[in-house]
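Contents: one structure, followed by commentary.
Nothing in this text is a laboratory measurement; each read-out follows from the coordinates by a stated rule. Here the structure is a predicted model, which means the values were calculated and not measured. Methodologically, a virtual Cβ is constructed for each residue, glycine included, from the backbone with ideal geometry; neighbour enumeration extends over all protein chains shown.
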Amino acid sequence: MKRSLAIFLSIFVLEASIALRAETDAEVRTRKDALDIAGAFSNDGFKIRDGHWCGVVKPHDHALVAVNLYAGNQYWFSAAAEEPAKKIAVSVYDETGKQLTTESYNNEEKAAAGFSPANSGQYFVSVDLVEGEGGTFCLVYSYK
Amino acid sequence: MGMIRLAKLGLLVLTAGVFAATGATDTGRLPADQLEKAVRSDAISIPTQGELFAALGKLEKTNWSGQYRGPMPVTYRNRAQIALNLGGLIADGFIAVEAKDSQQVKNIGSDIIKLAKALGVSERLLGRGNSINEFAQNNEWDTLQEELEATQNEVKSSMQSHADQDLVILVTLGGWIRGTQVVTAAIMQKYDERSAKVLRQPALVRFMQSRINEISPELRQEPLVKGVSEQLNGIEKLVSFPAGKTPTVDEVRKINEAVGKVMTEIESKDLPK
């Protein structure tokens, strides 16, 4: 049910965004893969936030996005990339730029980081290329 | 599919032990210039009301139905005011979902559609209204929350495709103001330090303010938008606690009064001149 909804939402978001900017096939595919990872957490009560961030991950570079999180919630940030990227990692930093300890899931071009903020406020999520060449990625997050 | 099954197994095992340990370890640091360059977007940098209410709701028993407000007009003529109220109304929808009140969800869903139509957004929203009614009828609360998020995003996407991009941030802002009004009221009713911590959001308010600064000068100079924007500067200061500091009851009250004042102006049929 959850996964069906996630897929439905991804299709809907795709349709809605066509009018703004035609998304690439790679972005659509990586978003679906990221939603698949996030869908695994749904069984544990995590809700997938209806929003995503797609971009290009490059060697020796952080793809960094700012998020605003609430103390008391638990979060998973799930990302998927596409060839020629072979392995990616997801990291979380606090508002001062300090890297935080997270639970991690890594499976080649798919990765996730789990985190429960002690303070509300701004955090930064980084998608990094560990192996391979630069490629398209997409990040989604879920919370409970 | 095999990967997904593996992921589920691995992740669920991990999840059990994840959240006990949240302490930061100084294993790396990003310089300020990189943080400054980080992508910031409405779609992922601004949390939904669902996230805010989830954080509050799990810490204490919140009297969500006690946060309802009376019926609001859906006959505004000023487009900026409609957008701000639409955001507030969507926040009300999340409140009704938290209260698990199907009739209230249906009423708000109907008002959302009316206000959205007044802005000329997609006819597809009518289908959303039907879905909201159906899910409310069947008490599908998690699905309803997702439907509300999707509705909010559909309204924004429709605005963007109709060259109403400037109104999008006003929908977001209206939702945040109403959400903050409700959360501060709930915390004041039953103060709890852990709950009060959700109010620290200086970067979020700063980001919304920066987005308002990007809208057209004409819209920015409209008295209502100008007034809300000016008051947002004061609200930013009120939610700028140092990391780790918990707002006192008095500080919570000050935030509640500030956002309440803005909300009153947003709702008023007599626009400021």
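Just how large is the dipole of the protein assembly as shown about the Cα centre, in debye to the nearest 20, putting +1 at every Lys and Arg Cβ and -1 at every Asp and Glu Cβ?
Here the protein assembly as shown has a charge dipole of around 760 debye.
Taking 1 over the mean of 1/r across every pair of different Cα atoms in chain B, what Kirkwood radius in Å do you get?
19.9 Å
Please check: in the Gaussian network model of chain B (C-alpha springs, under 10 Å), which one of B:Ser41, B:Ser110, B:Ser229 has the largest mean-square fluctuation.
Of the options given, B:Ser41 has the highest mean-square fluctuation.
Shielding of A:92-105 by partners, i.e. mean partner chain Cβ atoms within 10 Å per residue?
Across the residues of A:92-105, the mean count of other-chain Cβ atoms within 10 Å is 6.
Calculate for the protein assembly as shown the 222 nm mean residue ellipticity that helices alone would give, adding -39,500 (n - 2.57) per DSSP H run of length 4 or more and normalising by residue count, nearest 500 deg cm²/dmol.
Here the helix-only value at 222 nm equals -17500 deg cm²/dmol.
Under 10 Å, Cα contacts only: if you run a Gaussian network model on chain B, which one of B:Lys190, B:Lys58, B:Lys117 comes out with the highest mean-square fluctuation?
For chain B, modelled as a Gaussian network with Cα springs under 10 Å, the answer is B:Lys58.
Measure of size requested: the Rg and Dmax of the range A:70-144, with Cα atoms as the atom set and Å as the unit; please supply both.
12.5, 38
Checking the cross-link filter: which aspartates and glutamates have an alpha carbon closer than 18 Å to that of B:Lys37, excluding same-chain neighbours under 8 positions apart?
Within the straight-line cut-off, B:Lys37 pairs with A:Asp61, A:Asp94, A:Glu95, A:Asp128, B:Glu214.
Which residue fluctuates the most in chain B, going by a Gaussian network model with Cα springs under 10 Å, if the choices are B:Ala32, B:Ala43, B:Ala96?
B:Ala32
Please report how far the C-alpha centroid of the range B:139-192 lies from that of the range A:110-140, rounded to the nearest whole angstrom.
Here the two parts' Cα centres lie 25 Å apart.
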